[in-house]
Amino acid sequence: MTRKVEGADAGSTHGGTFTTTRRGPATARRAATSRRLAREARQRRLAYIALFGVIVVVAATLVVGALWQFVISPAQTVATVNGEAIRNDAFQRYQKFKTIRLPNQAAQIQAEISKLQADKKNAAANGQFISQLQQQLQQAQSCQANIPACTLSDMENALELTQAAARIRAAPTRAQLNAAMANLSKQTGLIAYAQLLSTTGVQPGDLRTYFAAPGVVQQNVTKHFAARVTSTEPEAQARHILVADNQKARAQQLAAEVRKGANFAALARKYSTDKGLQAGVPLTGTAKLQAQRTSSAFNGGWLRDPSQPFVPNQPTWLTQQTSFAAPLDATVLDAILAMKPGEVRVVQNSTGGWHVIQVTQRGTLHLSKAQLNALRQQKGAQDYQQWVATATDSSKNKVVPSDPYVQFPSTTPSA
């Protein structure tokens, strides 16, 4: 066998002859370069894949963040009022609005208080207004101590009032809300109003629902109750015998005797405890005697309107406007105005005690135009306040979460 070596590493077989050939330095360099290039290509591919992964993660993070900030978070519900949602975006906007408005409101109220206090000539007349303004100032300052909770509470109350007004057909109309918004813009000033919107981000819809609506509801509901007052109303003359709260049986016995024709004045003088003396108000001497002489028990048991001049043994007409002194109250008056002439009833006073009541006459009171207007104004305001208490009663509304001040605890340290 013949062996032939050509080169360093090369080898071949020709026709039975085995030949080994060695590879030169150039070939080795080319192989190394090829391997290096392949390795670099793999590294680049891995880098591209990693970069792409980072881009995907960053993009996903940005998308999720944007979705949360601009879609999910704004649409989240901060609270619901009887199923009506308060969105987070509206809450955040209205909170900024109140943050700017409250200090201005407090300053305006304080300025008005100072102005009224400086008016010494009308100090007596201004006293009531000053007291009301001081309450408003205290409310504004209290709200500043926890604006998130106060804001949400106001928004919830606005929805409760609007919902309750709708149930009595006194909900704000679009025209009324438009007028209220126009008035707000006029009072604030067009430039200041535009700045308010741009600074706080509050939208006209927020202001219509949570700021303007409660004021319109107050007007509508007040008119609703005022319209119930008619130009005529029932009036009656009546007498009574008052016995203690634990003497119901005696009251029923006295009522039976009155129905049989017993002398009412004699029974009142003997049994009635309405002798002009009030518990906790001790009277002696002339004052005690005078109170007894003008009392129901010593004047035939007759009930009188305290605003009318006293006439011995004579009744006065009793109306819906009659304001009794203790121990009489609205329970007794309601019963009297519902009874027929000659009817006798036993009525329990809301603060205790039993009344044997007999109505002797009924009539119809015709109010003058001035009386009617004054009464409508008075009743409208009174009934509205009672209505508000009912409309915002927590037992009558399903608010979730139930307490804004628990939902947003105050960050102001207690004194």
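For the residue pairs Lys120/Lys223; Lys248/Lys379; Lys223/Lys369, the alpha carbons lie more than 24 Å apart in Lys120/Lys223; Lys248/Lys379. With a Förster radius of 51 Å applied to the beta-carbon distance between Ala249 and Arg228, the computed FRET efficiency rounds to 0.85. To the nearest ten degrees, helix 369-391 and the longest principal axis of the Cα atoms of the chain are 40 degrees apart.
Using only alpha carbons, build the gyration tensor for the chain and give me the equivalent ellipsoid semi-axes, biggest first, whole Å. Don't skip to the end; give the middle numbers.
Details: eigenvalues 1654, 146, 82 Å².
So the equivalent ellipsoid measures 91, 27, 20 Å along its semi-axes.
Contact order for the stretch 86-228, expressed relative to its length and based on alpha carbon pairs under 8 Å spaced 6+ residues apart, stands at 34 percent. Between Asn146, Asn373, Asn122, the residue with the greatest mean-square fluctuation in the GNM of the chain (Cα pairs under 10 Å linked by springs) is Asn122. The gain in end-to-end length when the Ala28 to Ala256 segment is fully stretched comes to 68.7 nm, 0.36 nm per residue minus the alpha carbon separation. Between Thr273 and Gln219, the simple label model (points 7 Å from Cα in the Cβ direction) yields a spacing of 5.1 nm.
Packing, taken as the mean count of other beta carbons within 10 Å per residue, orders the peptides 103-115, 78-90 from highest to lowest as 78-90, 103-115. Which value in nm describes the separation of the simple spin-label points at Arg174 and Asp89, placed 7 Å from the Cα toward the beta carbon? About 2.2 nm, to one decimal. Taking every DSSP bridge with both residues inside the chain, close to 95 percent are antiparallel.
Taking 0.36 nm per intervening residue step and subtracting the Cα-Cα distance, what contour gain separates Gln135 from Ala59 on full extension? Walk me through the numbers before you get to the answer.
Working: separation 76, 0.36 × 76 = 27.36 nm, distance 5.36 nm.
So the chain would gain 22.0 nm between Gln135 and Ala59.
Between the helical axis of 25-67 and the longest alpha-carbon principal axis of the chain there is an angle of about 10 degrees. For the chain, the 222 nm mean residue ellipticity estimated from helices alone, with every DSSP H stretch of n ≥ 4 adding -39500 (n - 2.57) and the total spread over all residues, rounds to -18000 deg cm²/dmol.
Give the relative contact order (percent, whole number) for the chain; include only Cα pairs under 8 Å separated by 6+ residues. Numbers along the way, then the final one.
Values: 509 pairs, mean separation 71.1, N = 415.
This gives 17 percent for the chain.
Taking Cα atoms only, the orientation of helix 147-167 departs from the longest principal axis of the chain by about 60 degrees. Take the alpha carbon gyration tensor of the stretch 86-228, find the square roots of its eigenvalues, order them as a ≥ b ≥ c, and report rounded if a/c is under 1.5; if not, report prolate when a/b exceeds b/c, else oblate. Because a/c hits 1.5 or more and a/b fails to exceed b/c, the stretch 86-228 counts as oblate. Note on Ser307 and Asn263: the model spin-label points, each 7 Å out from Cα along the C-beta direction, lie 3.6 nm apart.
Just so you know, all these numbers are worked out from the coordinates, no wet-lab data involved. Owing to the predicted nature of the structure, the values given are computational and were not obtained by experimental measurement. Quick reminder, even Gly has a Cβ in these numbers, built from the backbone with ideal geometry, and neighbours come from all protein chains shown.
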